[in-house]
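Colleague: Please see the structure below; I have some questions.
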Amino acid sequence: MDYNFHWRPVFNKLPDLLEAGLLTLEVSLLSMVIGTVLGLLLALAKLSPLKPARWFAITWIELARNTPALFQLFFFGFGLGAFGWHLSPFLIVLVGLSFNNAGYLAENFRGGFQAVPENQYRAARSLGMTAFQATTRIVIPQVFKIVYHPMTNQMVWAVLMSSLAMMVGYRELAGETQFLASKTFRIFEYFLAAAVIYYVIVKIILGLSRLLAWRLFRYE
Amino acid sequence: MIEIQNLHKYFDVHHVLKGIDLTVEKGEVLSIIGSSGSGKSTLLYCINGLEAIQQGEVIVDGVSVHDKGADLNRIRQNLGMVFQQWNSFPHLTALENVALAPRIVKKLSKAESLAIAEQQLKHVGLADKLDAYPSSLSGGQQQRLAISRALAMEPEYMLFDEATSALDPELVGEVLETMRMLAEEGMTMICVTHEMGFARDVSDRVAYFHDGVMEEIGTPDQIFGTPVSQHTQKFLANVR
Ligand SMILES: Nc1ncnc2c1ncn2[C@@H]1O[C@H](COP(=O)(O)OP(=O)(O)OP(=O)(O)O)[C@@H](O)[C@H]1O
Ligand SMILES: [Mg+2]
């Protein structure tokens, strides 16, 4: 081992890295919000009796879950580019991650809806609740509890997956790390520092999630 | 008054109710007995419009339940229903379980709905469980919770679908006691039940269902003492 560690450049650029970490958090969080809404719609589409809706949902879910996430980003980057659709690096990452999140979350939501007994809905309707009230007040809170941990996992996964952004030129944490590393050649130091930041972000998410779960699901 | 006229119900081609005619007066307690699959639950679901019907009519206090313009959500407020599987809402406390529908369906204030909920939980003997979640209640307590939740809408009719069948034997008594109490208070009740003792002691009339047909209806003495239909005789011989 004749590699000499030089930490000073990394320390000097720590503010840049932390700022890039915020971008990582931002794009992951946004992609989760969009992925949750789309995932809910996909789950309902897959459960619906409408054939085209089911077919559309199945195609999306299958592609999102069974192809490399990197290829999904490339599709929204270079694939669409080939048809003259040019997304900014940020949008490529956001759209790609949202697509992937929606596919995974849709399956979780579908399982959640199927796990809530039909009679819960019937009981709510028998009290005079509208379909909307029964769904939002009785069914969805129970679905949410079932999908809560899978959603937390997906959020962690989104943070880690967002590092693929460096392959499409977006300078979130991984992209910024690569940019700085290649300028100074302190490659190992930069990636080690970035790994620590990823680790801390993930631990914070898991901790917050546990705290929230404790507040939300005291009923069991 | 609940009037059922020539009611036919199909599930696809499966003819489940084959022309039911039945009138239940205010204050009456009717028990429905019959073998599994004879259409008893389905009849209750048709009364409060949870299932559509293919022919005939159900009229509750002069309003036809299955009319196109019928306000089902309003009609259901008047028809409390208790299911075999106690369907307490697991994410809400006992008090919230009972207070929710008065608040969001009847649009009562929070204070009013909580007051009603507390009163109804006391009514069924759950005064000390207001803040308990269903997961910490026994099956019998959950079923009484379901009864008080229905009562909180101040219905004039109560429909019971085998309210005790899913309970452990030692918990059946407390639920039957609650139903008996309601009957004594003058509630109009239709009870699908396998509890022959309850049907005999509490009901004004007992109806026997067989294969989608109401084969026989009469006083408990008639049905249990001198049943006319062979099917009824056979059924009663088996449950005794
Ligand atoms: N949602 C449904 N779809 C199709 N068939 C159904 C449905 N619900 C009930 N049935 C059928 O209708 C018939 C009557 O069912 P129902 O549940 O009303 O009987 P039941 O008298 O309540 O029986 P049990 O004593 O077992 O509760 C049965 O043959 C049942 O299989
Ligand atoms: Mg039944």
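The values are calculated or read from the model by the stated rules, or taken from the named source; none is laboratory data. Since the model is a prediction, treat every value here as computed from it, not as a measurement. When we count neighbours, we look across all protein chains shown, and the Cβ atoms used for this are built from the backbone with ideal geometry, even at glycine.
Colleague: Given the options B:Ala99, B:Ala111, B:Ala115, B:Ala94, name the one that is over 15 Å from A:Leu127 (Cα atoms) and crowded, with 19+ Cβ neighbours inside 10 Å.
Modeller: Just one listed residue meets the conditions, B:Ala94.
Colleague: If B:Glu184 satisfies all but one of (1) acidic (Asp, Glu); (2) within 12 Å of chain A (Cβ to nearest Cβ); (3) over 21 Å from B:Ile75 (Cα atoms), what's the number of the condition it fails?
Modeller: For B:Glu184, the failing item is (2).
Colleague: Same structure, new question: More than 30 Å from A:Lys203 (Cβ to Cβ), of a type outside the set (Gly, Ala, Ser) and assigned to a helix (DSSP H, G or I): is that true of A:Glu62 in this structure?
Modeller: Yes: the conditions hold for A:Glu62.
Colleague: Moving on to the next point. With the requirement that a residue be among the hydroxyl-bearing types (Ser, Thr, Tyr) and in a helix (DSSP H, G or I), what does the range B:138-174 give you?
Modeller: B:Ser148 - this is the single residue of the range B:138-174 that is among the hydroxyl-bearing types (Ser, Thr, Tyr) and in a helix (DSSP H, G or I).
Colleague: Residue pairs, Cβ under 7 Å, 6 or more apart or interchain, first in the range A:182-211 and of a type in the set (Asp, Glu), second part of a helix (DSSP H, G or I). List them.
Modeller: Here the result reads A:Glu189/A:Val10, each pair linking the range A:182-211 to a residue that is part of a helix (DSSP H, G or I).
Colleague: While we're looking at this one, here's another question. For the range A:40-71, give me each residue that is buried (at least 18 other Cβ atoms within 10 Å of the Cβ) and under 12 Å from A:Phe99 (Cβ atoms).
Modeller: Once the filter is applied, which keeps residues that are buried (at least 18 other Cβ atoms within 10 Å of the Cβ) and under 12 Å from A:Phe99 (Cβ atoms), the range A:40-71 yields A:Leu42, A:Trp60, A:Ile61, A:Ala64, A:Ala69.
Colleague: On the basis of being away from ligand 1 (no atom under 14 Å from the Cβ), aliphatic (A, V, I, L, M), modelled with pLDDT of 95 or more and touching a strand residue (DSSP E or B) at 6+ places or on another chain (Cβ under 6 Å), does B:Val24 make the cut?
Modeller: Taking the combined requirement at face value, the residue satisfies it.
Colleague: Separate question: Any idea which residue in the range B:65-119 is modelled with the lowest pLDDT, counting only those that are charged (D, E, K, R) and not in a helix (DSSP H, G or I)?
Modeller: It comes out as B:Lys68.
Colleague: Okay, next question. If I filter the range A:113-133 down to residues being buried (at least 21 other Cβ atoms within 10 Å of the Cβ) and among the small types (Gly, Ala, Ser), which single residue comes out as farthest from the other protein chains (Cβ to nearest Cβ)?
Modeller: So the residue we want is A:Ala124.
Colleague: Let me ask you something else. Among the listed residues A:Leu87, A:Leu80, identify the single one that is at pLDDT below 95, among the aliphatic types (A, V, I, L, M) and under 13 Å from A:Tyr170 (Cβ atoms).
Modeller: None of the others qualify; the one that does is A:Leu87.
Colleague: Given the residues B:Ile104, B:Ile75, B:Ile59, which is the only one that is more than 11 Å from chain A (Cβ to nearest Cβ), surrounded by fewer than 23 Cβ atoms within 10 Å (Cβ to Cβ) and more than 16 Å from ligand 1 (Cβ to nearest atom)?
Modeller: B:Ile59
Colleague: Could you list, in sequence order, the residues of the range B:188-218 that are more than 16 Å from ligand 2 (Cβ to nearest atom) and either among the acidic types (Asp, Glu) or free of Cβ contacts under 8 Å to residues at least 60 places away in the same chain (or both)?
Modeller: Within the range B:188-218, B:Gly197, B:Arg200, B:Asp201, B:Asp204, B:Glu215, B:Glu216, B:Gly218 meet the criteria.
Colleague: Please go through the range B:145-171 and pick out each residue that is more than 16 Å from ligand 1 (Cβ to nearest atom), in contact with a strand residue (DSSP E or B) (Cβ under 8 Å, 6 or more places away or on another chain) and more than 10 Å from chain A (Cβ to nearest Cβ).
Modeller: Listed by number, the residues that qualify are B:Ile147, B:Leu151, B:Glu156, B:Tyr157, B:Met158.
Colleague: Being away from ligand 2 (no atom under 16 Å from the Cβ) and crowded, with 16+ Cβ neighbours inside 10 Å narrows it down to one residue among B:Leu17, B:Leu30, B:Leu43, B:Leu22; which is it?
Modeller: B:Leu22
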